[in-house]
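Participant: To start, I am sharing the structure in question, which I have written as structure tokens.
The values are calculated or read from the model by the stated rules, or taken from the named source; none is laboratory data. Every value quoted in this text rests on a predicted model; they were computed, and no experiment measured them. Using ideal geometry, Cβ is built from the backbone for each residue, glycine included, and neighbour counts are taken over all protein chains shown. Just so you know, the surface numbers come from the protein's heavy atoms only, side chains and all, with ligands and any DNA or RNA stripped out. Shrake-Rupley method; radii C 1.70, N 1.55, O 1.52, S 1.80 Å.
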Amino acid sequence: MKPSIPQGTRDFSAAVLKKRNFIFNTIRRVFELYGFEQLETPAMENIETLLGKYGEEGDKLIFKILNNGLNLPEKHDTARKDFEAVLSGKTSKGISERALRYDLTIPFARYIAMNHGQLTFPFKRFQMQPVWRADRPQRGRYREFYQCDADIAGSNSILHEIELTSIYATVFHQLRVPVEIHINNRKILQALAQQCGGESNMINITIAIDKLDKIGLDKVKLELKERGLTIEQVEIIEKYISIKGDNQSIIGTLKKLFANNEIGMEGINEMVEILEHSKSSKIPSTVVVNPSLARGLNYYTGTIFEVKATGVEMGSIGGGGRYDDLTGLFGVKGIAGVGISFGVDRIYDVMEELAVFPENIQAGTVALFFNTGIEKTHLVDLATSLREDGIACEIFHEAVKFDKQFKYAEKKSIPFIVIIGEEELKNGTANIKELSTGVQKTVTIQELKKAFTP
RNA sequence: GAGGAUGUAGCUCAGCUGGUUAGAGCGUCUGAUUGUGGUUCAGAAGGUCGUGGGUUCGAGCCCCAUCUUCCUCCCCA
């Protein structure tokens with residue numbers, strides 16, 4: 001058998017992990033600075049927790065786990081019946097009662113719904129775990145990938161939107177990735193739907209206009225017509241998504257369009273507040289008001305976010321928004337939430353393309369002790385003593401010619417090598433050579449540590 | 001889920017209308033060089049041509065199926 005891994009999954013080598021961890025650590029540090037606490041949930045959820053939460057297409061993309069024990073003779077009859085249901089496109093608990101998590105927001109909502117009695121609100125949690133989607137893999141699209149989410153549950157305050165915007169700005173500033181943070185507000189889209197035949201058209205409208213950037217105005221109009229909107233309604237939407245200009249002029253136009261619509265004005269005012277704070281913030285950021293931003297997930301009810309890297313062809317590298325009643329799906333009413341998500345795998349690809357990973361994160365072993373054939377104890381003791389001071393070092397495993405030992409150090413990008421032979425042992429000295437410069441110096445064993453602690 | 005491209009040595013790729021024993025560069029290993037690497041030189045190892053069928057006297061090349069990776073649609077991080 002030829003070893004392989006499932007389509008759309010990857011192994012991560014040490015070099016890749018160092019860079020990935022740099023991203024994870026940056027995000028984690030910022031989350032913690034804003035008071036978020038970490039949560040982990042199981043890779044699998046009960047299937048009914050996930051089904052029906054991600055729109056019409058979403059259910060198809062959920063990885064289902066086959067139940068165990070279907071082969072038991074006493075279960076054959078029900079298993080056959082259940083499988084018939086699967087063949088006709090339904091899901092059946094008799095065949096599958098668990099599935100891999102599709103995102104981190106729904107498991108979070110499930111957690112809140114289960115534990116709301118014990119939690120202190122507003123509850124701020126962050127979560128960094130893999131999610132799985134049965135999508136067709138492409139560049140920047142995997143079947144297993146990590147999300148890093150920060151959400152606040154149990155508060156309607158716009159303060160959270162302001163802080164989440166600032167988290168996005170801080171993280172991408174620290175990662176040196178230039179981004180645009182696109183914002184919009186579902187309340188404005190709701191108002192738009194009210195003017196176009198009622199809120200029952202909301203989903204049709206959001207799905208279509210969300211594609212504006214990708215397929216262009218004409219195709220969006222076509223799709224709207226196909227989704228059953230009248231020509232008059234499509235005209236209203238065209239007017240809406242054609243709004244152009246800087247943030248201020250867009251806001252101005254929106255205010256005129258929805259002057260008589262209470263919910264619309266509410267959404268606009270929320271956006272204005274977020275914009276004002278980001279403008280006055282010390283953290284540099286580019287926040288863009290984008291009326292055609294809609295996001296496919298239909299549980300959003302207020303502010304919506306999407307982050308795009310500038311200068312790189314890549315889908316969104318982050319997204320999120322406010323949902324007034326997420327836990328309502330799990331029978332707990334009245335808990336509002338708002339959150340954002342970072343797509344680590346895409347951020348990685350973007351950073352690789354922009355070559356913005358810092359040099360020093362590659363650092364591993366600092367010093368390699370050459371094996372000159374002297375009694376091992378001397379080297380083991382020395383290495384232990386260096387490690388006590390936090391200096392990563394290795395001892396070459398066999399006394400072979402230096403050529404090999406040098407090449408090992410080079411391959412692993414170890415900056416220093418230490419040579420202690422019989423002669424040095426007698427004198428209590430060590431030769432330290434810096435490989436990048438070729439400079440070699442002799443120090444006493446006692447001074448060895450200092451050479452690696454600048 | 002629909003459509004399209006791709007796969008040859010560890011890596012990047014050649015390989016003619018189907019014709020003897022499948023090539024190069026880089027890397028690896030050995031030696032020049034048994035305590036001083038990166039350069040140079042000499043030599044060697046390394047391939048069920050993604051996998052499984054088929055057509056043919058003969059297949060890396062043609063046909064079918066399947067898997068991988070990539071692209072478009074859909075959707076998204």
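Participant: Obtain the nm distance between the two label points defined at A:Glu353 and A:Leu119 by a simple spin-label model: each point lies 7 Å from its Cα along the Cα-to-C-beta direction.
Facilitator: For A:Glu353 paired with A:Leu119, the spin-label model returns 3.5 nm.
Participant: Now a separate question. Given segment A:67-107 reduced to its alpha-carbon atoms as identical point scatterers, what log10 I(q)/I(0) does the Debye formula return at q = 0.33 Å⁻¹?
Facilitator: The calculated log intensity ratios at q = 0.33 Å⁻¹ are -1.10.
Participant: Roughly how many whole Å is it from the C-alpha centroid of segment A:410-446 to that of segment A:161-211?
Facilitator: 58
Participant: Quantify how much of the Cα-Cα distance distribution of segment A:134-261 extends past 22 Å, in percent.
Facilitator: Considering segment A:134-261, 55 percent of its Cα-Cα pairs are separated by more than 22 Å.
Participant: Note down the nm distance, to one decimal, between modelled labels 7 Å out along Cα→Cβ at A:Lys214 and at A:Ile231.
Facilitator: The two pseudo-label positions are separated by 3.0 nm.
Participant: Quick one: P(r) of chain A from all Cα-Cα pairs, 20 Å bins, percents rounded to integers, in order of increasing distance.
Facilitator: Answer for chain A: a P(r) of 20, 43, 25, 11, 1 percent.
Participant: Peptides A:67-80, A:229-242, A:10-23: what's the order by average Cβ count within 10 Å, highest mean first?
Facilitator: By packing density, highest mean first, the sequence is A:229-242, A:10-23, A:67-80.
Participant: Counting DSSP beta bridges in segment A:363-451, what percent are antiparallel, to the nearest 5?
Facilitator: Here the share of antiparallel DSSP bridges comes out near 60 percent.
Participant: Place a point 7 Å from Cα of A:Ser281 in the direction of its Cβ. Which residues in segment A:8-41 have their backbone N less than 17 Å from it?
Facilitator: Answer for segment A:8-41: A:26-36.
Participant: Ok, one more. Percent relative contact order of segment A:363-451, based on C-alpha pairs within less than 8 angstrom and at least six residues apart?
Facilitator: 30
Participant: Something else now. Based on the alpha-carbon gyration tensor of segment A:1-153 and its eigenvalue square roots a ≥ b ≥ c, which shape applies: rounded if a/c is under 1.5, prolate if not and a/b is larger than b/c, or oblate?
Facilitator: oblate
Participant: Lys and Arg at +1, Asp and Glu at -1: add these up for the other residues within a Cβ distance under 13 Å of A:Thr327 and post the number.
Facilitator: It works out to a net charge of 0.
Participant: Continuing with the same structure: Only residues of segment A:95-112 count here: report those whose backbone N is under 16 Å from the spot 7 Å along Cα→Cβ of A:Leu61, or say none.
Facilitator: What the label zone holds, given the 16 Å backbone N cut-off, is A:100-107.
Participant: Now a separate question. How much length, in nm to one decimal, is gained on full extension between A:Glu199 and A:His378, taken as 0.36 nm per residue of separation minus their Cα-Cα distance?
Facilitator: In short, 56.6 nm is gained.
Participant: Then there's this: In nm, what is the difference between 0.36 nm times the number of residues separating A:Lys426 and A:Arg136 and their Cα-Cα distance?
Facilitator: Gain on stretching A:Lys426 to A:Arg136: 97.9 nm.
Participant: Can I ask one more? I'd like the Karplus ³J(HN,Hα) series for segment A:82-91: coefficients 6.51, -1.76, 1.60, θ = phi - 60°, whole numbers in Hz, and an x wherever there's a Gly or Pro.
Facilitator: 5, 5, 4, 4, 5, 4, 8, x, 8, 9
Participant: For segment A:175-247, divide the Cα radius of gyration by the Kirkwood radius and give the resulting Rg/Rh value with two decimals.
Facilitator: Rg/Rh: 1.03.
Participant: For segment A:1-58 and segment A:82-123, what is the separation of their C-alpha centers, rounded to whole Å?
Facilitator: 17
Participant: List the trypsin sites (Lys or Arg not before Pro) within segment A:347-454 that DSSP assigns to loop and that have no more than 11 neighbouring Cβ atoms inside 10 Å.
Facilitator: Sparse-neighbourhood loop trypsin sites (Lys or Arg not before Pro): A:Lys401.
Participant: If I compute solvent accessible area with a 1.4 Å probe over the protein chains, what percent of it on segment A:363-451 is carbon and sulfur?
Facilitator: So the carbon and sulfur contribution to the accessible surface is 51 percent.
Participant: Please identify the trypsin sites (Lys or Arg not before Pro) of segment A:296-341 that satisfy two criteria: DSSP loop assignment and at most 12 other Cβ atoms within 10 Å. Which are they?
Facilitator: When the trypsin sites (Lys or Arg not before Pro) of segment A:296-341 are filtered for loop state and at most 12 Cβ neighbours within 10 Å, A:Lys333 remain.
Participant: Taking A:Lys279 as the anchor, which lysines have their alpha carbon closer than 24 Å to its alpha carbon, excluding any fewer than eight residues away along the same chain?
Facilitator: Correct list for A:Lys279: A:Lys187, A:Lys244, A:Lys255, A:Lys256, A:Lys308.
Participant: Given that compact globular proteins tend to follow 2.2 N^0.38 Å, what is the ratio of the alpha-carbon Rg of segment A:363-451 to that value?
Facilitator: Output field value: 0.98.
Participant: Apply the Karplus curve 6.51 cos²θ - 1.76 cosθ + 1.60, θ = phi - 60°, to the phi angles in segment A:7-15 and return the couplings in whole Hz, x for Gly and Pro.
Facilitator: 3, x, 10, 9, 8, 10, 7, 4, 4
Participant: So how far apart, in nm, are the two label points at A:Ser436 and A:His173 if each is 7 Å from Cα heading toward Cβ?
Facilitator: Distance between the two pseudo-spin positions: 2.8 nm.
Participant: Follow-up question, since we're still on this one. Counting pairs of alpha carbon atoms under 8 Å apart in space and at least six apart in sequence, what relative contact order in percent does chain A give?
Facilitator: After rounding, I find 15 percent.
Participant: Along segment A:154-161, what does the Karplus equation 6.51 cos²θ - 1.76 cosθ + 1.60 (θ = phi - 60°) give for ³J(HN,Hα), rounded to whole Hz, x for Gly and Pro?
Facilitator: x, 7, 9, 5, 5, 3, 5, 4
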